[in-house]
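Bear in mind that the values in this text are calculations on the coordinates, not laboratory data. What you see is a predicted model; the values in this text were computed from it and never measured. With ideal geometry, Cβ positions are generated from the backbone for all residues, glycine too; neighbour counts draw on all protein chains shown.
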Amino acid sequence: MIIEEMTMPEFIRGLEKTRTVLVPFGATEEHGPHLPLNTDTLHAVEVGRKLAERRTIFIAPTVPYGVCRSTSQHPGTLSISTVTLRALAIDIVSALYRQGLRNIILLTGHAGGTHTATLIDAGEALLERFSDLKIAVLTEFMLAAKEGRGLIETADDSHAGEIETSRILHSHPQLVKGQAEREYPTFPVGILVRNKRRFWPGGVWGDPTLATKDKGRRLEELVVNALDRFVTKLEQWQE
């Protein structure tokens with residue numbers, strides 16, 4: 001059940017079937033010279049819609065912005081602050097709670113550490129605010145990397161590499177523009193740098209040359225399967 005496409009009566013009837021909702025979070029961020037800026041958003045949206053086709057669940061409108069620190073100086077990246085993301089997550093979940101939803105999954109297609117930690121921090125605050133709320137924060141890319149470890153050939157594959165390129169080749173092939181070379185960032189350990197592009201010029205972390213459409217299809221299926229199992233676990237969770 002895609003909330004933004006529902007009418008009021010449909011929403012009411014949906015609440016009679018489930019109190020679970022998935023909230024997709026993405027980013028508008030560089031993904032090398034070959035992938036679209038909304039790559040992270042597309043990942044979260046696709047698996048959310050696929051999940052809604054196989055089980056009764058609400059899918060909330062997607063948040064297409066995230067905290068993007070390491071890519072903040074690359075062309076096209078539109079990063080928001082942790083304060084903004086935290087407040088936005090709290091407001092969205094609070095609104096969903098007022099509408100009757102009780103099992104909330106924040107699924108982020110953007111795997112940035114600060115971004116994910118901010119969503120977790122918001123989730124902890126929400127647990128204190130609502131005593132009967134169940135909430136989870138999942139990183140969509142981490143699910144893909146874990147579930148697809150037998151498919152992926154690249155060691156330490158991450159941003160705009162084999163996994164993400166394969167995923168977009170499958171779901172939105174028309175948005176893949178050419179090909180990018182293998183690359184890894186060279187940020188100094190522990191040192192915060194101003195000129196981030198100096199240490200990561202191409203914006204790729206991994207090897208996109210090993211990506212295939214078939215890998216993307218299989219990865220997406222694995223992620224949806226894992227997400228399906230997780231929703232069942234959350235709905236049955238008791239403390």
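A few comments on the model shown:
- Amide proton proximity set for Ile2, modelled H, under 5 Å, gap of 5+: Ile59
- Were the residues from Leu234 through Ile2 laid out at 0.36 nm apart, the gain over their Cα-Cα distance would be 81.5 nm.
- The chain, dipole about Cα centre (Lys/Arg Cβ +1, Asp/Glu Cβ -1), debye to the nearest 20: 120 debye
- Sorting Thr209, Thr186, Thr41 by the number of Cβ atoms found within 10 Å of their own Cβ, with the fewest placed first, yields Thr186, Thr209, Thr41.
- Cβ-based exposure ranking for Met1, Met8, in which fewest neighbours within 10 Å come first: Met8, Met1
- Hydrophobic, long helices, defined as DSSP H runs whose alpha-carbon span along the helix axis is 15 Å or greater and whose mean Kyte-Doolittle value is at least 1.0, occur in the chain at 82-98.
- Cα-based shape type of segment 22-138, given that a ≥ b ≥ c are square roots of the gyration tensor eigenvalues and the cut on a/c is 1.5: oblate
- Given charges at Cβ of Lys, Arg, Asp, Glu: the chain dipole, positive-most of His43, Phe11, Val23: Phe11
- Among Leu169, Leu219, Pro61 the positive-end extreme of the charge dipole of the chain (Cβ point charges): Pro61
- For the pair Thr56 and Glu221 in one chain, pulling the backbone fully straight at 0.36 nm per residue adds 57.6 nm over the alpha carbon distance.
- Taking the fewest neighbouring Cβ atoms within 10 Å as the starting point, the ordered list for Leu169, Leu35 is Leu169, Leu35.
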